[in-house]
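Q: This is the structure, below, for whatever I ask next.
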Amino acid sequence: MKTIQDINFKDKKALIRVDFNVPLNKELVVTDLTRIEAAKPTIEKILNDGGSCVLLSHLGRPKNKELEFSLQHIVEAVSKVLGVQVLFASDCVGEIAETAVANLKPKQVLLLENVRYHMQETAGDRDFAKKLSKLGDIYVNDAFGSAHRAHASTAIITENFPKDKCFGALLASEIHSLEKVLGDSQKPVTAVIGGAKVSSKITVIENILDKIEHLIIGGGMAFTFIKAQGGNIGNSLVEDDKQTLALQILKRAKEKGVEVHLPVDVIAADQFSEKANTQISPITEIPEGWMGLDSGPQSNSNFENVILQSKTILWNGPVGVFEMELFSKGTISLANAIANATRQGAFSLVGGGDSVAAVKQFNLSKKVSYVSTGGGAMLEMLEGKTLPGIQAILD
Ligand code: AMP
(Lines give C-alpha, C1' and ligand atoms only; values in the text may rest on other atoms or scores of the structure.)
Protein backbone atom coordinates (compact mmCIF):
# COMPACT_ATOMS: atom_id res chain seq x y z
CA MET A 1 0.00 0.00 0.00
CA LYS A 2 1.75 3.16 -1.22
CA THR A 3 1.29 6.17 1.04
CA ILE A 4 2.68 9.71 1.18
CA GLN A 5 5.41 8.39 3.50
CA ASP A 6 6.89 6.48 0.54
CA ILE A 7 7.36 9.62 -1.55
CA ASN A 8 9.64 12.66 -1.32
CA PHE A 9 7.55 15.57 -2.60
CA LYS A 10 10.43 18.06 -2.99
CA ASP A 11 9.62 20.41 -5.91
CA LYS A 12 6.56 18.27 -6.75
CA LYS A 13 3.01 19.52 -7.06
CA ALA A 14 0.69 17.17 -5.23
CA LEU A 15 -2.93 17.11 -6.38
CA ILE A 16 -4.73 16.07 -3.21
CA ARG A 17 -8.39 14.99 -3.20
CA VAL A 18 -9.53 16.04 0.26
CA ASP A 19 -12.96 15.89 1.86
CA PHE A 20 -13.69 19.49 2.80
CA ASN A 21 -17.44 18.96 2.67
CA VAL A 22 -17.77 20.90 5.94
CA PRO A 23 -20.86 22.39 7.57
CA LEU A 24 -21.38 26.15 7.10
CA ASN A 25 -23.78 28.38 9.04
CA LYS A 26 -26.11 31.00 7.55
CA GLU A 27 -23.25 33.50 7.41
CA LEU A 28 -21.30 30.88 5.42
CA VAL A 29 -18.74 30.39 8.18
CA VAL A 30 -17.35 26.90 8.85
CA THR A 31 -18.88 25.48 12.05
CA ASP A 32 -16.89 22.23 12.36
CA LEU A 33 -13.20 22.03 11.42
CA THR A 34 -12.84 18.25 11.91
CA ARG A 35 -12.50 17.38 8.23
CA ILE A 36 -9.99 20.17 7.58
CA GLU A 37 -7.92 19.19 10.62
CA ALA A 38 -8.02 15.57 9.46
CA ALA A 39 -6.27 16.50 6.19
CA LYS A 40 -3.54 18.52 7.94
CA PRO A 41 -0.96 15.71 8.44
CA THR A 42 -0.92 14.94 4.70
CA ILE A 43 -0.60 18.59 3.67
CA GLU A 44 2.10 19.27 6.28
CA LYS A 45 4.20 16.29 5.20
CA ILE A 46 4.16 17.47 1.58
CA LEU A 47 4.99 21.08 2.50
CA ASN A 48 7.78 19.94 4.84
CA ASP A 49 9.28 17.91 1.98
CA GLY A 50 9.41 21.14 -0.06
CA GLY A 51 6.46 20.35 -2.30
CA SER A 52 3.26 22.28 -2.99
CA CYS A 53 -0.35 21.25 -2.50
CA VAL A 54 -3.29 21.62 -4.88
CA LEU A 55 -6.44 20.82 -2.92
CA LEU A 56 -9.48 19.43 -4.69
CA SER A 57 -12.81 18.90 -2.90
CA HIS A 58 -16.56 19.04 -3.21
CA LEU A 59 -18.93 20.98 -0.96
CA GLY A 60 -22.57 19.96 -0.76
CA ARG A 61 -24.62 19.05 -3.80
CA PRO A 62 -24.77 22.11 -6.08
CA LYS A 63 -27.05 21.99 -9.10
CA ASN A 64 -26.19 25.26 -10.75
CA LYS A 65 -22.97 26.67 -9.31
CA GLU A 66 -24.92 28.29 -6.45
CA LEU A 67 -22.66 30.67 -4.50
CA GLU A 68 -23.51 29.02 -1.17
CA PHE A 69 -21.53 25.96 -2.29
CA SER A 70 -18.38 27.89 -3.21
CA LEU A 71 -15.22 26.70 -1.50
CA GLN A 72 -14.05 30.31 -1.29
CA HIS A 73 -16.06 30.45 1.96
CA ILE A 74 -13.64 28.04 3.62
CA VAL A 75 -10.31 29.57 2.52
CA GLU A 76 -9.86 31.43 5.81
CA ALA A 77 -10.68 28.35 7.89
CA VAL A 78 -8.21 26.19 5.93
CA SER A 79 -5.53 28.90 6.22
CA LYS A 80 -6.07 29.07 9.98
CA VAL A 81 -5.89 25.30 10.48
CA LEU A 82 -2.75 24.96 8.32
CA GLY A 83 -1.06 28.14 9.54
CA VAL A 84 -0.32 29.29 5.96
CA GLN A 85 -2.27 31.65 3.69
CA VAL A 86 -4.09 29.41 1.26
CA LEU A 87 -4.51 30.61 -2.36
CA PHE A 88 -7.79 30.10 -4.22
CA ALA A 89 -8.64 29.38 -7.87
CA SER A 90 -12.21 30.13 -8.93
CA ASP A 91 -12.44 27.01 -11.10
CA CYS A 92 -11.06 23.50 -10.68
CA VAL A 93 -10.27 22.86 -14.36
CA GLY A 94 -9.26 24.85 -17.44
CA GLU A 95 -7.16 27.96 -17.81
CA ILE A 96 -7.91 29.54 -14.43
CA ALA A 97 -6.89 26.40 -12.53
CA GLU A 98 -3.93 25.59 -14.78
CA THR A 99 -2.49 29.11 -14.48
CA ALA A 100 -2.88 29.10 -10.70
CA VAL A 101 -1.08 25.74 -10.51
CA ALA A 102 1.68 26.91 -12.88
CA ASN A 103 2.32 29.90 -10.60
CA LEU A 104 2.37 27.78 -7.44
CA LYS A 105 5.72 27.75 -5.62
CA PRO A 106 7.11 25.08 -3.28
CA LYS A 107 5.50 25.15 0.17
CA GLN A 108 2.41 26.94 -1.13
CA VAL A 109 -1.16 25.66 -0.91
CA LEU A 110 -3.84 26.25 -3.53
CA LEU A 111 -7.52 25.41 -3.00
CA LEU A 112 -9.55 24.81 -6.15
CA GLU A 113 -13.24 25.69 -6.51
CA ASN A 114 -15.91 23.06 -5.81
CA VAL A 115 -15.34 20.10 -8.11
CA ARG A 116 -19.11 19.40 -8.14
CA TYR A 117 -19.74 22.69 -9.93
CA HIS A 118 -19.05 20.47 -12.94
CA MET A 119 -21.65 17.76 -13.54
CA GLN A 120 -18.95 15.51 -15.06
CA GLU A 121 -17.55 14.95 -11.56
CA THR A 122 -20.34 12.75 -10.21
CA ALA A 123 -20.81 11.17 -13.65
CA GLY A 124 -17.23 9.90 -13.39
CA ASP A 125 -16.41 11.50 -16.77
CA ARG A 126 -13.01 10.41 -18.15
CA ASP A 127 -12.28 13.58 -20.13
CA PHE A 128 -13.02 15.69 -17.09
CA ALA A 129 -10.78 13.47 -14.96
CA LYS A 130 -8.02 13.94 -17.55
CA LYS A 131 -8.37 17.73 -17.31
CA LEU A 132 -8.15 17.53 -13.52
CA SER A 133 -5.04 15.38 -13.77
CA LYS A 134 -3.11 18.24 -15.43
CA LEU A 135 -3.10 20.01 -12.06
CA GLY A 136 -0.47 17.92 -10.28
CA ASP A 137 2.58 15.68 -10.69
CA ILE A 138 1.36 13.17 -8.10
CA TYR A 139 -2.23 12.32 -7.14
CA VAL A 140 -2.93 11.80 -3.44
CA ASN A 141 -6.30 10.55 -2.23
CA ASP A 142 -7.05 11.63 1.33
CA ALA A 143 -10.82 11.94 1.01
CA PHE A 144 -12.10 8.99 3.01
CA GLY A 145 -15.59 10.52 3.23
CA SER A 146 -15.88 10.31 -0.58
CA ALA A 147 -13.96 7.06 -1.15
CA HIS A 148 -17.17 5.08 -1.71
CA ARG A 149 -17.96 7.16 -4.79
CA ALA A 150 -16.60 6.30 -8.26
CA HIS A 151 -16.42 9.97 -9.20
CA ALA A 152 -13.96 11.63 -11.55
CA SER A 153 -11.82 13.18 -8.82
CA THR A 154 -11.98 10.27 -6.37
CA ALA A 155 -11.37 7.25 -8.61
CA ILE A 156 -11.40 7.77 -12.40
CA ILE A 157 -8.57 10.32 -12.26
CA THR A 158 -6.04 7.64 -11.25
CA GLU A 159 -6.03 6.34 -14.85
CA ASN A 160 -3.85 9.35 -15.58
CA PHE A 161 -1.42 8.62 -12.75
CA PRO A 162 -0.54 4.94 -13.29
CA LYS A 163 2.51 5.18 -11.01
CA ASP A 164 2.34 8.58 -9.31
CA LYS A 165 -0.60 7.97 -6.98
CA CYS A 166 -0.80 7.18 -3.30
CA PHE A 167 -2.91 7.22 -0.15
CA GLY A 168 -2.86 10.28 2.10
CA ALA A 169 -2.25 9.87 5.83
CA LEU A 170 -5.94 10.05 6.73
CA LEU A 171 -7.11 7.48 4.22
CA ALA A 172 -4.24 5.18 5.22
CA SER A 173 -5.14 5.41 8.92
CA GLU A 174 -8.85 4.77 8.22
CA ILE A 175 -7.90 1.58 6.36
CA HIS A 176 -5.40 0.61 9.04
CA SER A 177 -7.84 1.06 11.93
CA LEU A 178 -10.53 -1.00 10.24
CA GLU A 179 -7.92 -3.69 9.61
CA LYS A 180 -7.17 -3.68 13.35
CA VAL A 181 -10.83 -4.41 14.06
CA LEU A 182 -11.91 -6.82 11.34
CA GLY A 183 -8.58 -8.12 10.10
CA ASP A 184 -5.71 -8.88 12.39
CA SER A 185 -7.66 -8.18 15.60
CA GLN A 186 -7.03 -8.94 19.24
CA LYS A 187 -9.76 -11.15 20.67
CA PRO A 188 -12.39 -11.00 22.05
CA VAL A 189 -13.86 -8.64 19.48
CA THR A 190 -17.17 -6.91 20.27
CA ALA A 191 -19.31 -5.05 17.77
CA VAL A 192 -21.97 -2.67 19.02
CA ILE A 193 -24.52 -2.06 16.30
CA GLY A 194 -27.26 0.41 17.15
CA GLY A 195 -29.25 3.11 15.42
CA ALA A 196 -32.70 3.34 14.02
CA LYS A 197 -33.25 0.55 11.53
CA VAL A 198 -32.22 -3.06 11.05
CA SER A 199 -32.53 -2.67 7.28
CA SER A 200 -29.63 -0.19 7.07
CA LYS A 201 -27.28 -2.41 9.11
CA ILE A 202 -28.14 -5.94 7.90
CA THR A 203 -25.23 -6.21 5.50
CA VAL A 204 -22.84 -4.90 8.14
CA ILE A 205 -23.98 -7.51 10.67
CA GLU A 206 -23.78 -10.32 8.10
CA ASN A 207 -20.26 -9.31 7.10
CA ILE A 208 -18.84 -9.02 10.61
CA LEU A 209 -20.32 -12.21 12.11
CA ASP A 210 -17.24 -14.21 11.08
CA LYS A 211 -14.89 -11.75 12.76
CA ILE A 212 -16.41 -11.13 16.19
CA GLU A 213 -17.11 -12.95 19.45
CA HIS A 214 -19.82 -10.61 20.82
CA LEU A 215 -22.56 -8.64 19.11
CA ILE A 216 -24.44 -5.98 21.05
CA ILE A 217 -27.61 -4.91 19.25
CA GLY A 218 -29.15 -1.71 20.59
CA GLY A 219 -31.27 1.29 19.67
CA GLY A 220 -34.41 1.23 17.57
CA MET A 221 -33.28 -1.81 15.61
CA ALA A 222 -33.36 -4.06 18.71
CA PHE A 223 -37.17 -4.07 18.76
CA THR A 224 -37.48 -5.99 15.49
CA PHE A 225 -35.38 -8.77 17.09
CA ILE A 226 -37.45 -8.71 20.28
CA LYS A 227 -40.82 -8.77 18.48
CA ALA A 228 -39.63 -11.58 16.21
CA GLN A 229 -38.98 -13.63 19.36
CA GLY A 230 -42.48 -12.97 20.70
CA GLY A 231 -41.86 -9.92 22.92
CA ASN A 232 -44.39 -7.12 23.41
CA ILE A 233 -42.73 -3.93 22.27
CA GLY A 234 -45.70 -1.53 22.52
CA ASN A 235 -45.33 1.37 20.08
CA SER A 236 -41.55 1.05 19.68
CA LEU A 237 -39.89 1.38 16.29
CA VAL A 238 -40.15 -1.86 14.34
CA GLU A 239 -39.69 -3.16 10.81
CA ASP A 240 -42.23 -5.94 10.62
CA ASP A 241 -41.00 -7.16 7.24
CA LYS A 242 -37.53 -7.74 8.73
CA GLN A 243 -38.59 -10.09 11.53
CA THR A 244 -37.71 -13.27 9.64
CA LEU A 245 -34.35 -11.80 8.72
CA ALA A 246 -33.76 -10.91 12.39
CA LEU A 247 -34.39 -14.52 13.39
CA GLN A 248 -32.05 -15.74 10.65
CA ILE A 249 -29.31 -13.44 11.94
CA LEU A 250 -29.75 -14.77 15.48
CA LYS A 251 -29.55 -18.34 14.15
CA ARG A 252 -26.47 -17.61 12.06
CA ALA A 253 -24.77 -15.89 15.00
CA LYS A 254 -25.42 -18.96 17.16
CA GLU A 255 -23.97 -21.28 14.52
CA LYS A 256 -20.85 -19.16 14.34
CA GLY A 257 -20.48 -19.03 18.13
CA VAL A 258 -21.15 -15.28 18.36
CA GLU A 259 -22.85 -14.24 21.61
CA VAL A 260 -25.66 -11.78 20.88
CA HIS A 261 -26.57 -9.26 23.59
CA LEU A 262 -29.91 -7.51 23.20
CA PRO A 263 -31.28 -4.99 25.72
CA VAL A 264 -33.29 -6.59 28.51
CA ASP A 265 -34.91 -3.36 29.71
CA VAL A 266 -35.68 0.06 28.24
CA ILE A 267 -36.64 3.58 29.15
CA ALA A 268 -40.20 3.54 27.84
CA ALA A 269 -41.88 6.85 26.99
CA ASP A 270 -45.51 7.79 26.30
CA GLN A 271 -44.45 10.11 23.46
CA PHE A 272 -41.41 10.81 21.26
CA SER A 273 -40.53 14.00 23.13
CA GLU A 274 -38.33 15.51 25.84
CA LYS A 275 -41.59 16.16 27.70
CA ALA A 276 -42.61 12.50 27.76
CA ASN A 277 -43.51 10.58 30.88
CA THR A 278 -41.08 7.69 31.27
CA GLN A 279 -40.82 4.37 33.06
CA ILE A 280 -38.30 1.54 33.11
CA SER A 281 -39.82 -1.51 31.47
CA PRO A 282 -38.64 -5.02 30.57
CA ILE A 283 -38.07 -4.90 26.81
CA THR A 284 -40.44 -7.83 26.26
CA GLU A 285 -43.30 -6.20 28.20
CA ILE A 286 -43.56 -2.63 27.01
CA PRO A 287 -47.12 -1.40 27.67
CA GLU A 288 -49.36 -0.58 24.71
CA GLY A 289 -49.01 3.09 23.74
CA TRP A 290 -45.46 3.32 25.15
CA MET A 291 -42.22 3.13 23.19
CA GLY A 292 -38.66 2.19 24.14
CA LEU A 293 -36.40 5.15 23.45
CA ASP A 294 -33.27 4.24 25.42
CA SER A 295 -31.63 1.16 26.90
CA GLY A 296 -32.45 0.60 30.57
CA PRO A 297 -30.08 0.33 33.57
CA GLN A 298 -29.78 -3.48 33.53
CA SER A 299 -29.01 -3.47 29.79
CA ASN A 300 -26.41 -0.74 30.28
CA SER A 301 -24.73 -2.76 32.98
CA ASN A 302 -24.78 -5.92 30.81
CA PHE A 303 -23.30 -4.03 27.86
CA GLU A 304 -20.61 -2.53 30.08
CA ASN A 305 -19.56 -5.99 31.32
CA VAL A 306 -19.16 -7.28 27.77
CA ILE A 307 -17.23 -4.21 26.66
CA LEU A 308 -14.84 -4.21 29.60
CA GLN A 309 -13.86 -7.80 28.74
CA SER A 310 -13.19 -6.96 25.08
CA LYS A 311 -9.81 -6.33 23.49
CA THR A 312 -11.25 -4.89 20.28
CA ILE A 313 -14.44 -2.85 19.98
CA LEU A 314 -16.34 -1.56 16.98
CA TRP A 315 -19.17 0.88 17.62
CA ASN A 316 -21.68 1.91 15.01
CA GLY A 317 -24.98 3.52 15.98
CA PRO A 318 -26.45 4.85 19.26
CA VAL A 319 -28.44 2.66 21.67
CA GLY A 320 -31.09 5.31 22.24
CA VAL A 321 -32.41 8.63 21.02
CA PHE A 322 -29.29 10.34 22.39
CA GLU A 323 -30.15 13.66 20.73
CA MET A 324 -32.74 14.13 23.53
CA GLU A 325 -31.16 14.35 26.96
CA LEU A 326 -33.97 12.30 28.49
CA PHE A 327 -32.95 9.30 26.34
CA SER A 328 -29.19 9.80 26.20
CA LYS A 329 -28.09 7.86 29.30
CA GLY A 330 -27.72 4.50 27.54
CA THR A 331 -25.51 5.92 24.81
CA ILE A 332 -23.46 7.91 27.36
CA SER A 333 -23.02 4.78 29.49
CA LEU A 334 -21.93 2.80 26.41
CA ALA A 335 -19.51 5.52 25.28
CA ASN A 336 -17.99 5.68 28.77
CA ALA A 337 -17.60 1.88 28.88
CA ILE A 338 -15.80 1.97 25.53
CA ALA A 339 -13.56 4.80 26.79
CA ASN A 340 -12.74 2.78 29.93
CA ALA A 341 -11.97 -0.37 27.95
CA THR A 342 -9.70 1.72 25.72
CA ARG A 343 -7.88 3.06 28.77
CA GLN A 344 -7.30 -0.56 29.83
CA GLY A 345 -5.66 -1.30 26.48
CA ALA A 346 -8.48 -2.27 24.13
CA PHE A 347 -8.54 -0.92 20.56
CA SER A 348 -11.80 0.92 19.83
CA LEU A 349 -13.09 2.20 16.51
CA VAL A 350 -16.15 4.43 16.35
CA GLY A 351 -17.50 4.88 12.87
CA GLY A 352 -20.37 5.31 10.51
CA GLY A 353 -22.53 8.32 11.25
CA ASP A 354 -24.44 8.99 14.43
CA SER A 355 -22.16 7.28 16.94
CA VAL A 356 -19.45 9.72 15.81
CA ALA A 357 -21.84 12.58 16.60
CA ALA A 358 -22.48 10.95 19.99
CA VAL A 359 -18.80 10.67 21.02
CA LYS A 360 -18.29 14.28 19.96
CA GLN A 361 -21.38 15.42 21.87
CA PHE A 362 -20.12 13.67 25.02
CA ASN A 363 -16.52 14.90 24.53
CA LEU A 364 -15.13 11.37 24.32
CA SER A 365 -13.44 11.58 20.90
CA LYS A 366 -9.97 11.55 22.45
CA LYS A 367 -10.79 8.63 24.76
CA VAL A 368 -11.42 6.09 22.02
CA SER A 369 -8.68 4.76 19.76
CA TYR A 370 -10.03 5.97 16.44
CA VAL A 371 -13.01 8.03 15.28
CA SER A 372 -13.71 7.52 11.61
CA THR A 373 -14.30 10.60 9.44
CA GLY A 374 -16.48 8.85 6.87
CA GLY A 375 -20.11 7.91 7.54
CA GLY A 376 -21.22 6.20 4.35
CA ALA A 377 -17.69 5.16 3.41
CA MET A 378 -17.12 3.44 6.76
CA LEU A 379 -20.48 1.68 6.56
CA GLU A 380 -19.61 0.32 3.13
CA MET A 381 -16.21 -0.88 4.37
CA LEU A 382 -17.95 -2.62 7.28
CA GLU A 383 -20.25 -4.24 4.73
CA GLY A 384 -17.14 -5.77 3.17
CA LYS A 385 -17.27 -3.68 0.00
CA THR A 386 -14.16 -2.52 -1.80
CA LEU A 387 -14.40 1.24 -2.11
CA PRO A 388 -13.71 2.64 -5.61
CA GLY A 389 -11.47 5.41 -4.23
CA ILE A 390 -9.31 2.89 -2.39
CA GLN A 391 -9.23 0.32 -5.19
CA ALA A 392 -8.16 2.97 -7.71
CA ILE A 393 -4.97 3.61 -5.73
CA LEU A 394 -4.23 -0.10 -5.25
CA ASP A 395 -4.71 -1.02 -8.95
P1 AMP B 1 -28.57 5.31 12.35
O2 AMP B 1 -28.41 6.49 11.42
O3 AMP B 1 -29.24 4.13 11.72
O4 AMP B 1 -27.30 4.97 13.07
O5 AMP B 1 -29.62 5.77 13.45
C6 AMP B 1 -29.35 6.78 14.35
C7 AMP B 1 -30.64 7.27 14.93
O8 AMP B 1 -31.28 6.22 15.61
C9 AMP B 1 -30.46 8.38 15.94
O10 AMP B 1 -30.96 9.56 15.39
C11 AMP B 1 -31.27 7.92 17.14
O12 AMP B 1 -32.09 8.92 17.66
C13 AMP B 1 -32.13 6.80 16.58
N14 AMP B 1 -32.54 5.84 17.61
C15 AMP B 1 -31.77 5.19 18.48
N16 AMP B 1 -32.51 4.45 19.32
C17 AMP B 1 -33.80 4.62 18.96
C18 AMP B 1 -35.05 4.13 19.46
N19 AMP B 1 -35.09 3.29 20.49
N20 AMP B 1 -36.18 4.52 18.84
C21 AMP B 1 -36.13 5.38 17.80
N22 AMP B 1 -34.99 5.88 17.30
C23 AMP B 1 -33.83 5.50 17.87
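The values are calculated or read from the model by the stated rules, or taken from the named source; none is laboratory data. Since the structure is predicted, the reported quantities are computational estimates derived from the model, not experimental observations. A quick note on method: Cβ atoms are made from the backbone with ideal geometry, for glycine too, and the neighbour counts reach across all protein chains shown. Just so you know, the surface numbers come from the protein's heavy atoms only, side chains and all, with ligands and any DNA or RNA stripped out. Shrake-Rupley method; radii C 1.70, N 1.55, O 1.52, S 1.80 Å.
Q: With a/c under 1.5 counting as rounded, go ahead and sort the chain into rounded, prolate or oblate using the C-alpha gyration tensor (a ≥ b ≥ c being the square roots of the eigenvalues; past the cut-off, prolate if a/b is larger than b/c, else oblate).
A: The shape class here is prolate.
Q: I've got another one for you. Between rounded, prolate and oblate, where does the range 185-382 land on the alpha carbon gyration tensor, with a ≥ b ≥ c its root eigenvalues, rounded for a/c under 1.5, else prolate if a/b exceeds b/c?
A: Oblate is the answer for the range 185-382, as a/c is 1.5 or above yet b/c matches or exceeds a/b.
Q: Taking the Cα centre as origin and putting +1 on Lys and Arg beta-carbons and -1 on Asp and Glu beta-carbons, what dipole magnitude results for the chain, to the nearest 20 debye?
A: Rounded to the nearest 20 debye, it is 860 debye.
Q: With all pairs of different alpha carbon atoms counted, what Kirkwood hydrodynamic radius in Å does the range 220-304 show?
A: Result for the range 220-304, one decimal place: 13.2 Å.
Q: Can you name the helices of the chain, as whole DSSP H runs, whose Cα span along the helix axis is 15 Å or more and whose Kyte-Doolittle mean is not below -1.0?
A: Qualifying helices, which must be both long enough and hydrophobic enough, are 34-49, 169-182, 243-255, 297-308, 329-343.
Q: Using only alpha carbon positions, build the gyration tensor of the range 96-215, then give the equivalent ellipsoid semi-axes as the square roots of 5 times its eigenvalues, largest first, whole angstrom.
A: Ellipsoid half-lengths, sorted descending, are 37, 18, 12 Å.
Q: Of 315, 290, which has the most accessible area with a 1.4 Å probe, and how do the rest follow in descending order?
A: 290, 315
Q: Over the chain, with the other protein chains present, what is the accessible area per residue in square angstrom, probe 1.4 angstrom?
A: Accessible area per residue, the chain: 43 Å².
Q: Next question, about the same structure. Return the FRET efficiency for the residue pair residue 34, residue 259: r is the Cβ-Cβ distance, R0 is 35 Å, and the value is rounded to the nearest 0.05.
A: Working from the Cβ atoms, E equals 0.55.
Q: Considering only protein heavy atoms and a probe of 1.4 Å, how much of the accessible area of the range 185-382 is carbon and sulfur, as a whole percent?
A: Of all accessible area on the range 185-382, carbon and sulfur atoms account for 48 percent.
Q: Connecting C-alpha atoms closer than 10 Å in a GNM of the chain, tell me which of 33, 334, 178 has the biggest fluctuation.
A: Judging by the Gaussian network model, the answer is 33.
Q: Next question, about the same structure. Count the DSSP beta bridges whose two residues both fall in the chain, then state the antiparallel fraction as a percent rounded to the nearest 5.
A: 20 percent
Q: Given 110, 129, 85, which one lies farthest toward the positive end of the charge dipole of the range 78-163, if we put +1 on the Cβ of every Lys and Arg and -1 on the Cβ of every Asp and Glu?
A: Checking the options against the dipole of the range 78-163, the answer is 85.
Q: Which FRET efficiency value, to the nearest 0.05, is calculated for residue 90 and residue 241 with the Förster distance at 35 angstrom and r the Cβ-Cβ distance?
A: Efficiency for this residue pair is about 0.10.
Q: Just report the Cα centroid separation between the range 199-222 and the range 106-138, whole Å.
A: About 38 Å separates the Cα centre of the range 199-222 from the one of the range 106-138.
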